[in-house]
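Participant: Mind having a look at this structure? Questions to follow.
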Amino acid sequence: MSVDRILVSDVANHVGKEVRVTGWVHNRRDLGGVRFLHLRDRSGVVQCVFSKKTDLPLHESCVSVVGTVAENPKAPSGFEVSAFDSGELEIITEATHAPPIEIPKTAWNVNPDTNLTYRYVSLREPKAQAILKIQAELVRAFREYLDDNDFTEIYSPKIVSAGAEGGANLFEIDYYGKRAYLAQSPQLYKQIMVGVYERVYETAPVFRAELSHTSRHLSEYLSLDVEMGFIQDDSDVMDLEEALLKSMMGKVAERCGNQLERLGAVMPNIDVDFPRISLFDARALIKEKFDYETGGKDLDPEAERLLGRWAKEEHDSDFVFVTNYPQAARPFYTYPTEDGLTRGLDLLFRGLEITSGGQRVHEYDMLVKELEARKMDPEAFSGYLEVFKHGMPPHGGFAIGAERLTALLLGIENVRFARAFPRDEGRLQP
Ligand code: AMO
């Protein structure tokens, strides 16, 4: 029978007509005289109806169904494809084993660790699918905005000779008998490329040997990096990131209505200016308003949460920039100011850091001084330092952690679920 395939999302437009739908056996039910097969394709799930004469294959088998579309308020989508009287069930690939978890139910009855262990099938669950689909659209919108503003996409090496961010969270690898590392960030390379194109971006994984088991740290994550030359100061960096994020959120709201609804996601308010507050003022405000004292060089997670609350309550903003971090809290490449502070900044989204960035040092002597001040060996960075002898413009940029952005947008508690195959200290498979 040659009936052309339509997508499940298009079934409602074919009431009374014979159609073919093709996909996976999402669920099945046997009610004695009637058998229901919920068929899932890339666009959604639809109920197909068979008589008891038809044997339905195992969950997740690939099938094609020919039947007649009818309205049925009791069916999950309000429509069904009936192959009860006549019609056809073709088995394309029969599953040889039942799935290790019940995919239609994973959202609520599967332990998170089990879900991650069986990621090769648990990702098929519609909510899990929706998370990564929205992330893909966020990244697409990131590229689109930057392409439209004359940025060039770059591809920097992920095998490097030194870490850019300092700290101990470097993965060491054996590189033809020499020591090398997996890149923690494209930081040094995106700066070098500003000397070529002025405006660059990269969307690529980076690697951090994080030892803390938190819901916001991965060993491998997608870094959305931006760098721009000929800036005045860090306010240009914030202007760019604010406009970029507003554009990304607007596009996702437009393109991902179904997925956002499936997840019950609330889009951020993009009609207000993101507040900008210095770290010093943020600390004072948190103390005064919430009676919470945060010491150290940075805001701790509770202080971030409280500042996010302040931004929402006082400015109706889901985002807030924290600026002017002290030199001791920032990497060597951060532009210092005379008061012991820097033009380094963070951006919080719903009370959690999603970005670090700022203006960078663009002069050779100043960079060497900053490395030495941090007891780092300028020799180890010689390849990077060279470019600063050859005319680098004042520049700055930032990086957004894609999993954190996605998780906070969608109200997901653990960034692991915003990555298809997360890596952490205890997880190297699938
Ligand atoms: P930073 O180290 O702060 O800055 O990282 C930038 C952003 O990346 C995300 N992030 C992570 N996400 C998941 N798991 C991790 N282990 C993890 N570590 C960081 C966060 C964070 O805000 N080179 C600078 C950026 C710049 O200045 O342009 C950098 O990498 O969302």
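Participant: Kindly work out what percent of the DSSP beta bridges joining two residues of the range 120-418 are antiparallel, to the nearest 5.
Facilitator: On the way: 40 of 45 bridges.
About 90 percent, rounded to the nearest 5.
Participant: Placing +1 on the Cβ of each Lys and Arg and -1 on the Cβ of each Asp and Glu in the chain, which of Gly308, Leu279, Leu132 has its Cα farthest towards the positive end of the resulting dipole?
Facilitator: Result: Leu132, furthest along the dipole toward the positive end.
Participant: Given q = 0.08 Å⁻¹, what are the Debye log10 I(q)/I(0) values for the chain, with equal point scatterers placed on the Cα positions and solvent ignored?
Facilitator: Computed log10 I(q)/I(0) values: -0.56.
Participant: So how strong a dipole does the chain carry about its Cα centre when Lys and Arg Cβ are +1 and Asp and Glu Cβ are -1, to the nearest 20 debye?
Facilitator: Values: 50 positive and 68 negative charges, 328 e Å.
Dipole size: approximately 1580 debye.
Participant: Please give the peptides 223-229, 291-297 ranked by average Cβ packing (other Cβ atoms within 10 Å per residue), highest first, as a rough proxy for protection. Kindly include the intermediate steps, with their values, before the conclusion.
Facilitator: Details: 223-229: 23.9, 291-297: 11.7.
Taking the mean over residues of other Cβ atoms within 10 Å, the ranking is 223-229, 291-297.
Participant: Also, I was wondering about something else. What residues have an amide H closer than 5 Å to that of Thr334, excluding those fewer than 5 places away on the same chain, when H is modeled at 1.01 Å from N in the peptide plane?
Facilitator: Those lying under 5 Å, H to H, from Thr334 are Val361.
Participant: Quick one: accessible area per residue over the range 120-418, 1.4 Å probe, rounded to a whole number of Å²?
Facilitator: Values: 13330 Å² over 299 residues.
Here the per-residue accessible area is 45 Å².
Participant: With runs of 4+ DSSP H residues as the only contributors, calculate the mean residue ellipticity of the chain at 222 nm using -39,500 (n - 2.57) per run, divided by the residue total and rounded to the nearest 500. Let's see the in-between values first.
Facilitator: Numbers: 12 runs with 127 residues, N = 430.
Rounded to the nearest 500, the figure is -9000 deg cm²/dmol.
Participant: Just want the answer: with Cβ charges of +1 for Lys and Arg and -1 for Asp and Glu, which residue in Tyr364, Met267, Val69 is farthest toward the dipole's positive end in the chain?
Facilitator: My answer, from the dipole projection, is Val69.
Participant: With only alpha-carbon pairs counted, each pair once and no self-pairs, how large is the Kirkwood hydrodynamic radius of the range 8-93 in angstroms?
Facilitator: On the way: mean 1/r = 0.0809 Å⁻¹.
Every distinct Cα pair counted, the radius reaches 12.4 Å.
Participant: Still on this structure: How far apart, in nm, are two points set 7 Å out from the Cα along the Cα-to-Cβ line at Val3 and at Thr93?
Facilitator: 2.4 nm
Participant: Then there's this: Each residue of the range 326-331 in order: what ³J(HN,Hα) in whole Hz does its phi give by Karplus 6.51 cos²θ - 1.76 cosθ + 1.60, θ = phi - 60°, with x for Gly and Pro?
Facilitator: x, 4, 5, 8, 10, x
Participant: If you don't mind, another one. What size of dipole, in debye to the nearest 20, comes out for the range 371-421 about its Cα centre when the only charges are +1 on Lys and Arg C-beta atoms and -1 on Asp and Glu C-beta atoms? Intermediate values should be presented prior to the final figure.
Facilitator: Values: 6 positive and 6 negative charges, 37 e Å.
It works out to roughly 180 debye.
Participant: I would also like to ask the following. Can you list the residues, at least 5 places off or on another chain, whose amide H is less than 5 Å from the amide H of Asp318, using H built in the peptide plane?
Facilitator: Distant-sequence amide H within range of Asp318: Asn269.
Participant: Take the solvent-accessible surface of the protein heavy atoms, probe 1.4 Å, and return the percent of it on the chain that carbon and sulfur atoms account for. Provide the component values of the computation, followed by the final result.
Facilitator: Details: 10000 of 20460 Å².
Carbon plus sulfur share of accessible area: 49 percent.
Participant: ³J(HN,Hα) across the range 369-383 via Karplus (A = 6.51, B = -1.76, C = 1.60, θ = phi - 60°), whole Hz, x for Gly/Pro?
Facilitator: Per residue, the Karplus-derived 3J(HN,Hα) values read 4, 5, 5, 5, 4, 9, 6, 9, 8, x, 4, 5, 10, 4, x Hz.
Participant: While we're here: By the scheme Lys and Arg +1, Asp and Glu -1, what is the net charge of all other residues having a beta-carbon under 9 Å from that of His213? Please report the intermediate quantities before stating the final value.
Facilitator: Values: positive: none; negative: Glu210, Asp424, Glu425.
Counting the neighbours of His213, the net charge comes to -3.
Participant: Please find the FRET efficiency linking Lys53 to Ser382, where r is the Cβ-Cβ separation and R0 is fixed at 56 Å, and quote it to the nearest 0.05.
Facilitator: Once the sixth-power term is evaluated, E becomes 0.15.
Participant: Also: Residues of the range 237-278 with amide nitrogen under 18 Å from the 7 Å Cα-to-Cβ point of Lys127?
Facilitator: Flagged as within label range: 257-267.
Participant: How big is the shadow of the Cα convex hull of the range 162-288, averaged over all directions, in nm²? Show your work: numbers first, answer last.
Facilitator: Numbers: hull surface 49.6 nm².
So the Cα hull casts an average projection of 12.4 nm².
Participant: Report, by chain and number, residues whose modeled amide H sits under 5 Å from the one on Ser82, excluding near sequence neighbours (fewer than 5 apart, same chain).
Facilitator: Counting only residues 5 or more places away or on other chains, the set is Val49, Thr68, Val69, Ala70.
Participant: Sort the following peptides by mean Cβ neighbour count (other Cβ atoms within 10 Å, averaged over residues), highest first: 81-91, 172-182, 354-364, 210-220. Numbers along the way, then the final one.
Facilitator: Working: 81-91: 17.3, 172-182: 11.5, 354-364: 22.5, 210-220: 15.3.
In descending order of packing, they fall as 354-364, 81-91, 210-220, 172-182.
Participant: Read phi for every residue in the range 384-391 and hand back ³J(HN,Hα) as whole Hz from Karplus 6.51 cos²θ - 1.76 cosθ + 1.60, θ = phi - 60°, with x for Gly and Pro.
Facilitator: 6, 5, 3, 4, 7, 8, 10, x
Participant: In what sequence, highest mean first, do 281-287, 405-411, 264-270 appear when ranked by Cβ atoms within 10 angstrom? Before the final figure, lay out the partial values.
Facilitator: On the way: 281-287: 17.4, 405-411: 22.3, 264-270: 14.9.
Averaged packing, sorted descending, gives the order 405-411, 281-287, 264-270.
The values are calculated or read from the model by the stated rules, or taken from the named source; none is laboratory data. Bear in mind that the values here come from a model prediction, so they are computed numbers and not experimental data. Every residue, glycine as well, gets a Cβ built from its backbone with ideal geometry; the counts of neighbours run over all protein chains shown. These area figures cover heavy atoms from the full protein model, side chains too; ligands, DNA and RNA do not enter into them. Shrake-Rupley method; radii C 1.70, N 1.55, O 1.52, S 1.80 Å.
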